[in-house]
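Engineer: Please read through the structure below; I'll follow up with questions.
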There are 2 protein chains.
Amino acid sequence: MIQTAVILSTGDELTTGKVVDTNSAFIADRLFTVGVKVAAVLKVGDDREKLLWAMHQGSELGDIIIGTGGLGPTADDLTTELVAEFLGKKLITNQAVADSLKKRFEARAIAWTPNNLKQACFPDGAMIIPNPVGTAPGFRVTMRQGKSLIWLSGVPQEMIAMFNETVMPWITTERGKDSEIFSCTFKIHGLTESKLDDLVKPVDLGPQHKLSFRAHYPDLTLRLTASGGNGEENGFVERCKQIRRILGTYIYAEGDVALEEKVGQLLMEKNQTLALAESCTGGLISHRITRIAGSSAYYYGGAVTYSNEAKVKFLGVKPATLEKYGAVSEQTALEMSRGIREKTGASVGLSVTGIAGPSGGTPEKPVGTVWISLAQPNNHEARQFQFHGERERVILGTSQAALNWLRLALLE
Amino acid sequence: MIQTAVILSTGDELTTGKVVDTNSAFIADRLFTVGVKVAAVLKVGDDREKLLWAMHQGSELGDIIIGTGGLGPTADDLTTELVAEFLGKKLITNQAVADSLKKRFEARAIAWTPNNLKQACFPDGAMIIPNPVGTAPGFRVTMRQGKSLIWLSGVPQEMIAMFNETVMPWITTERGKDSEIFSCTFKIHGLTESKLDDLVKPVDLGPQHKLSFRAHYPDLTLRLTASGGNGEENGFVERCKQIRRILGTYIYAEGDVALEEKVGQLLMEKNQTLALAESCTGGLISHRITRIAGSSAYYYGGAVTYSNEAKVKFLGVKPATLEKYGAVSEQTALEMSRGIREKTGASVGLSVTGIAGPSGGTPEKPVGTVWISLAQPNNHEARQFQFHGERERVILGTSQAALNWLRLALLE
């Protein structure tokens, strides 16, 4: 029975920081969907001792080891040899794999060198895992106590294909029916992590339920998971409802949905179009909106009016307003949102103007002071916000607050 | 003497594949520059047993442990408590940290809840590592055999600030003089990794020199490091010169400088101003330019003309041009850059128009087709580019190509 896994990501490029390891996150995510718990991810370089250490630890902690990397033909590719050593098995050349490798090389007119034969050697008794994308196949071997060790190419594209086509079906079969897992992710805006923690404390969690938090500014995520057996679904659904009741519109989306995606969905649903007038966010809101494929259906465009002159020329802000109240003021924000809405004919005009820092702050308007304004058919309003931290944080926080206000306005 | 490190990345979001761990790659990269070898990276979830296991393994394998994550105020943040347990030390409230946290909450009018006090508790004898970006400070404690354990916030932005401001200077001092490492980072645009590899092959590297590559789209970085003793500096300087001779303007900057920062420096130096007309990049170039503090000195602003109507209204593109050649064409790009330059009076007008995908491509103009145009006092030109991959990659690649062209034009 496969309940826990240990993932081994190997290669010097990982321990010297040259490459970010995305393989382990991919594998962990896939395992999560079938209820296999990842006990640990171990990353080591192309080093004999450390690789053996990692295999040993993996076989202690997990029911399966899934390793990636080091299956290539060069001298620093040690994996297969060390797995055989670790298991006390011989290396055997697989003739079918050797023949197919040779054919592949011939077809591409690449010279065949003896070290390529290395990729056709596997520990005795290994099941071959085909590599539909590259040259090196992977393999699965049985360890003591019926545990399994699976090794895949370290090239993400190859690893993904091997995992999806061979490993995942095998694991799913092994796991059987009674391992179902339920999971729901809530994306939150408007609460701190500790306030959120407080609010969801009354949710009655059984031993098989787990609530986890993740704050990745400006995003805050709450996830409820339930692992267990039959009949669990009802209890899970009930708890999700309870969380929705408690958090209400603090939840901006469920699942892996970005705030700008949610806003796009609402604009589509309500058949509205958007135009933006950005000052301190310098184009970030526009970039976030247009990251989403299909945004041209509801996004008209906008102006990044970084200078006062641009505010006057593109948006029709009155020079007297800028003179009297300053660029960061309720009046300017209102004229900006009205201006962009009128110039473009979009249903909603959204404007932001503020002081992102590090300079430009005053005692009355410190760094982080931001005015956001929304111009809609029956509503024209500006609100003041105060952000904290460094320039990038102020810019990011402003973009999030503006998109969230727009979301709430569209929900009304 | 710090020779080896073990990095611990912790949090359920890592072992469930919800998030890719970039922290360990960042830390490994920084440690590499000062010659500290990473023995292993261990990732475990918010789980008592596994966290203690990881600390134990780390203290066996490394001279220092650097951990991230689990310093937050919520129930699943176990780190500090477990470190104290692991070391057999008491948890002590640091009054200065508690006061500063309370002040921070007051200043932002956020309700203070008792669980926030958790972030002011540290194992007895710990040195506090300030968190200049977020709430939770980190700490450093001494383990047996003079080994050290360092723990930082898991939020990348906070971790980076804490690492750069406090941890790195401490490690550098500890490593002492005879481990001096010279390192130079070249930021590259316009070469593939393998082409770059080919070009720098003739550089005569001694045994103490190492060239490493890092491709993190759209950035390509080449790093020369020399570890060794005295008198090494001269040889190092000579090799840097050789690399500069070979790569010329493919190097857009040296050190940790973003392309948009370099462009900003050049605009300042040349006393020029910039205005942007973006279509397919949707505001990303504008966002990148304004990420840089002080950009209001040279950035006028711009238009995100996502619809044809916006191109006509904001930039004066002729409807006949759009009709005849289409929005993604040399003629439209030229009219956009001229339009934004004339409307704003900026010295340089830069425009982009293209097909970011996934839809909108045709056999003649496939997804990834982009026209970029530059309007300068004595030059008005448009160039076609072809990008590959998904929407975000096309958008990012376009922004990089546009900024790089602007850089080269400013250098002329």
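The values are calculated or read from the model by the stated rules, or taken from the named source; none is laboratory data. In this text, all values refer to a predicted model and were calculated from it rather than measured experimentally. Here the Cβ positions follow ideal geometry from the backbone for every residue, glycine too, while neighbour counts run over all protein chains shown.
Engineer: Counting only residues that are in a helix (DSSP H, G or I) and closer than 23 Å to B:Leu52 by Cα, how many does the stretch A:17-43 have?
Structural biologist: First pass over the stretch A:17-43, keeping only residues in a helix (DSSP H, G or I): A:23-33.
Pick out the ones that are also closer than 23 Å to B:Leu52 by Cα and you get A:24-25, A:28, A:32.
So the count comes out to 4.
Engineer: Oh, and also: Output the number of the condition that A:Leu220 fails; it satisfies all remaining conditions of (1) surrounded by fewer than 20 Cβ atoms within 10 Å (Cβ to Cβ); (2) hydrophobic (A, V, I, L, M, F, W, C); (3) closer than 24 Å to B:Ile160 by Cβ.
Structural biologist: It is condition (1) that A:Leu220 fails.
Engineer: Name the single residue, out of those in the stretch B:272-306 being touching a residue at least 60 places away in the same chain (Cβ under 8 Å) and surrounded by fewer than 22 Cβ atoms within 10 Å (Cβ to Cβ), that is nearest to A:Ala327 (Cα to Cα).
Structural biologist: Looking at the filtered set, the residue picked out is B:Thr273.
Engineer: So is A:Glu330 more than 22 Å from A:Tyr298 (Cα to Cα) and within 11 Å of chain B (Cβ to nearest Cβ) or not? Walk me through it before giving the result.
Structural biologist: On the way: more than 22 Å from A:Tyr298 (Cα to Cα): yes; within 11 Å of chain B (Cβ to nearest Cβ): no.
No: the conditions fail for A:Glu330.
Engineer: Another question, then. Where residues in the stretch A:18-49 are closer than 18 Å to B:Thr16 by Cβ and of a type in the set (Val, Ile, Thr), which of them is farthest from the other protein chains (Cβ to nearest Cβ)? Break it down into steps so the answer makes sense when it comes.
Structural biologist: Applying the first criterion (closer than 18 Å to B:Thr16 by Cβ) to the stretch A:18-49 yields A:20-43.
Narrowing further to those that are of a type in the set (Val, Ile, Thr): A:20, A:22, A:27, A:33-34, A:36, A:38, A:41.
Values: A:Val20: 4, A:Thr22: 5, A:Ile27: 7, A:Thr33: 9, A:Val34: 12, A:Val36: 10, A:Val38: 4, A:Val41: 4 Å.
Ranking the candidates gives A:Val34 first.
Engineer: Anything in the stretch A:345-361 that is part of a loop (DSSP other than H, G, I, E, B) and in contact with a strand residue (DSSP E or B) (Cβ under 9 Å, 6 or more places away or on another chain)? List them, or say none. Lay out the reasoning, then the answer.
Structural biologist: Initially, the stretch A:345-361 is screened for residues part of a loop (DSSP other than H, G, I, E, B), giving A:345-347, A:355-361.
Within the stretch A:345-361, A:Gly345, A:Ala346, A:Ser347, A:Ile355, A:Ala356, A:Gly361 qualify.
Engineer: Of all residues in the stretch A:353-376, count the ones that are over 23 Å from A:Tyr217 (Cα atoms) and either of a type in the set (Asp, Glu) or buried (at least 20 other Cβ atoms within 10 Å of the Cβ) (or both).
Structural biologist: 3
Engineer: Residues being part of a loop (DSSP other than H, G, I, E, B) and surrounded by 16 or more Cβ atoms within 10 Å (Cβ to Cβ): count how many of those fall in the stretch B:164-189.
Structural biologist: 2
Engineer: Now a separate question. Of all residues in the stretch B:377-407 being at pLDDT 95 or above and among the charged types (D, E, K, R), which is surrounded by the most Cβ atoms within 10 Å (Cβ to Cβ)?
Structural biologist: B:Arg407
Engineer: How many residues are part of a helix (DSSP H, G or I), among the β-branched types (Val, Ile, Thr) and more than 8 Å from chain B (Cβ to nearest Cβ) if we restrict to the stretch A:279-318? I'd like the intermediate steps shown before the answer.
Structural biologist: So the first thing to find is which residues in the stretch A:279-318 are part of a helix (DSSP H, G or I), and the list is A:284-291, A:295-297, A:308-315.
If we keep only those that are among the β-branched types (Val, Ile, Thr) as well, we get A:285, A:289-290, A:312.
Cutting the leftovers down to more than 8 Å from chain B (Cβ to nearest Cβ) gives us A:312.
Total satisfying the criteria: 1.
Engineer: Run down B:Gly67, B:Gly62, B:Gly35 and say which single residue is at positive phi, of a type in the set (Gly, Ala, Ser) and surrounded by 15 or more Cβ atoms within 10 Å (Cβ to Cβ).
Structural biologist: Details: B:Gly67 fails: at positive phi; B:Gly62 fails: at positive phi.
After ruling out the rest, the residue left standing is B:Gly35.
Engineer: A further question follows. Consider the stretch B:105-151. How many of its residues are within 14 Å of chain A (Cβ to nearest Cβ), within 14 Å of B:Leu91 (Cα to Cα) and within 31 Å of the chain's Cα centre (by Cα)?
Structural biologist: 3
Engineer: Can you name the residue in the stretch B:264-278 that is part of a helix (DSSP H, G or I) and hydrophobic (A, V, I, L, M, F, W, C) and, of all such residues, is nearest to the other protein chains (Cβ to nearest Cβ)? Please lay out each step first, then the result.
Structural biologist: Step one: of the stretch B:264-278, the residues part of a helix (DSSP H, G or I) are B:264-269.
Adding the requirement that they be hydrophobic (A, V, I, L, M, F, W, C) leaves B:266-268.
Details: B:Leu266: 18, B:Leu267: 13, B:Met268: 15 Å.
Step by step, filter the stretch B:264-278, then rank; the result is B:Leu267.
Engineer: In addition: A:Lys210 - would you say it is over 30 Å from B:Ala275 (Cα atoms) and assigned to a helix (DSSP H, G or I)? I'd like the intermediate steps shown before the answer.
Structural biologist: On the way: over 30 Å from B:Ala275 (Cα atoms): yes; assigned to a helix (DSSP H, G or I): no.
In short, no.
Engineer: Against the condition modelled with pLDDT of 95 or more and out of contact with any Ser or Thr (no Cβ under 9 Å at 6 or more places or on another chain), how does A:Leu247 come out, does it pass? Even if it seems obvious, please write down each step before you answer.
Structural biologist: On the way: modelled with pLDDT of 95 or more: yes; out of contact with any Ser or Thr (no Cβ under 9 Å at 6 or more places or on another chain): yes.
When the stated conditions are applied, A:Leu247 passes them.
Engineer: So, one more: Looking at (1) under 20 Å from A:Glu309 (Cα atoms); (2) surrounded by 21 or more Cβ atoms within 10 Å (Cβ to Cβ), find the lone condition where B:Gly345 falls short.
Structural biologist: Evaluating B:Gly345 over (1) under 20 Å from A:Glu309 (Cα atoms); (2) surrounded by 21 or more Cβ atoms within 10 Å (Cβ to Cβ) leaves (2) as the failure.
Engineer: For the stretch A:137-163, give me the residue count where each residue is without any contact (Cβ under 8 Å) to a residue 24 or more places away in the chain and part of a helix (DSSP H, G or I). Give the derivation first.
Structural biologist: To start, the set of residues in the stretch A:137-163 that are without any contact (Cβ under 8 Å) to a residue 24 or more places away in the chain comprises A:142, A:145-146, A:155.
Still in the list and also part of a helix (DSSP H, G or I): A:145-146.
The number of residues fulfilling the criteria is 2.
Engineer: Return only the number of the condition from (1) more than 10 Å from chain A (Cβ to nearest Cβ); (2) touching a residue at least 40 places away in the same chain (Cβ under 8 Å); (3) among the aliphatic types (A, V, I, L, M) that B:Leu61 does not satisfy.
Structural biologist: Failed condition: (1).
Engineer: Take the stretch A:91-108 and flag every residue that is assigned to a helix (DSSP H, G or I) and modelled with pLDDT under 85. Don't jump to the end; show me each part of the working.
Structural biologist: Residues of the stretch A:91-108 assigned to a helix (DSSP H, G or I): A:95-107.
Residues satisfying the conditions are A:Arg104, A:Phe105, A:Glu106, A:Ala107.
Engineer: Of the conditions (1) at pLDDT 95 or above; (2) farther than 23 Å from B:Asp29 by Cβ; (3) small (Gly, Ala, Ser), B:Ser148 clears all except one; give me its number.
Structural biologist: Of the numbered conditions (1) at pLDDT 95 or above; (2) farther than 23 Å from B:Asp29 by Cβ; (3) small (Gly, Ala, Ser), the odd one out for B:Ser148 is (2).
Engineer: Go through A:Glu261, A:Glu342, A:Glu335, A:Glu323 for me and flag whichever is part of a helix (DSSP H, G or I), more than 22 Å from A:Ala409 (Cβ to Cβ) and either acidic (Asp, Glu) or without any contact (Cβ under 8 Å) to a residue 60 or more places away in the chain (or both).
Structural biologist: Details: A:Glu261 fails: more than 22 Å from A:Ala409 (Cβ to Cβ); A:Glu342 fails: more than 22 Å from A:Ala409 (Cβ to Cβ); A:Glu335 fails: more than 22 Å from A:Ala409 (Cβ to Cβ).
Answer to the check: A:Glu323.
Engineer: With the structure loaded, tell me whether A:Asp21 is acidic (Asp, Glu) and crowded, with 24+ Cβ neighbours inside 10 Å or whether it fails that test. Full working, then the answer.
Structural biologist: Details: acidic (Asp, Glu): yes; crowded, with 24+ Cβ neighbours inside 10 Å: yes.
The answer is yes for A:Asp21.
Engineer: Another question about this same structure. So B:Met55 fits all but one of (1) buried (at least 20 other Cβ atoms within 10 Å of the Cβ); (2) touching a residue at least 40 places away in the same chain (Cβ under 8 Å); (3) touching a strand residue (DSSP E or B) at 6+ places or on another chain (Cβ under 6 Å); what number is the exception?
Structural biologist: B:Met55 satisfies every listed condition except (3).
Engineer: Can you tell me how many residues within the stretch B:1-16 are assigned to a loop (DSSP other than H, G, I, E, B), within 8 Å of chain A (Cβ to nearest Cβ) and touching a Lys or Arg at 6+ places or on another chain (Cβ under 7 Å)? If you could, list the steps in order and put the result at the bottom.
Structural biologist: So in the stretch B:1-16, the residues assigned to a loop (DSSP other than H, G, I, E, B) come out as B:1-3, B:11, B:16.
Filter once more, keeping what is within 8 Å of chain A (Cβ to nearest Cβ): B:11, B:16.
From what's left, touching a Lys or Arg at 6+ places or on another chain (Cβ under 7 Å): none.
Here the count works out to 0.
Engineer: Please go through the stretch A:121-137 and give me each residue that is surrounded by 20 or more Cβ atoms within 10 Å (Cβ to Cβ) and either touching a Cys at 6+ places or on another chain (Cβ under 7 Å) or within 17 Å of A:Glu85 (Cα to Cα) (or both), ordered by number.
Structural biologist: Selection gives A:Phe122, A:Pro123, A:Ala126.
Engineer: Which one of the conditions (1) more than 14 Å from chain B (Cβ to nearest Cβ); (2) within 20 Å of A:Asn164 (Cβ to Cβ); (3) at pLDDT below 95; (4) in contact with a strand residue (DSSP E or B) (Cβ under 6 Å, 6 or more places away or on another chain) does A:Leu71 fail to meet, given that it meets all the rest?
Structural biologist: All conditions pass for A:Leu71, except number (4).
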